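Below: the structure, in structure tokens.
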């Protein structure tokens, strides 16, 4: 059958039943493992905390009120803004943004280098980038903690080289958290950018060079606009998991470097947890991410139409 005939069949809906059957497993997975948990989280955020953990099935806005207002120890004082949780959100956004920038600074040259290698060697370089991430994230984070602790290999090496006179205190600092986030999510930046650079037509750079454009001008005015979808995808893939990360803040940052993921995790641990508050914080975080993605998608659609 010709291509025109296939197009007519598609438009007539001849393959609609087959298409629905093929998509059904994906819909089931998305519904069961994504939509249902999110819906349950939303419901739990409007319930009442049970004293020994869990929830009481009574409608309440106490979880959202706790996030926004401070009403004192017994809840009978005039409400004031609860800056503790707002500070945690701001710190998390800043940490995630810095991690995204660092991953972009190192990830783009890495992806460009791999994409410009001979086709026989690209898979080797990609293998080297991804092979450390075959190990569980928890194990890698603990290994990072062992590496940068006061008497760890890094400090011992610097002391042996005479670069420092006393061990550097790296654990339980913002630097340690940043290092953990950067190390955890770097491939999420490299792989999308690599996919975009691999499809880039390098004759465009040659044409720009023929018109006396410098290297930085070519990179900024020719390469970046073409590979921008990969850069945006990489930034999203790094920023969102960094924003909700809790392993790196817990193991490398300590109590003074609490992030949103750590706050949510604490609410569901043990009998003293506050499940409605944890669910409310998770829904606030999810709403922020969805709003940001919707704004980006709308701007992207306007750019394409323009």
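Summary table below
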| quantity | calculated |
| --- | --- |
| Burial ranking of peptide ranges 112-123, 185-196 (average Cβ count within 10 Å, highest at the top) | 185-196, 112-123 |
| Gyration tensor verdict on segment 114-222 (Cα atoms; rounded if a/c is under 1.5, prolate if a/b is larger than b/c, oblate otherwise) | prolate |
| Within the chain, helix-based [θ] at 222 nm, where runs of 4 or more DSSP H residues each add -39,500 (n - 2.57), nearest 500 | -21500 deg cm²/dmol |
| Cα shape, the chain, gyration tensor, a/c 1.5 rule | oblate |
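Taken together, the values in this text are just the output of simple stated rules run on the coordinates, not laboratory data. Remember, predicted model here, so these are calculated numbers, not experimental data. Here the Cβ is made from the backbone with ideal geometry for all residues, glycine too, and neighbour counts use every protein chain on show.
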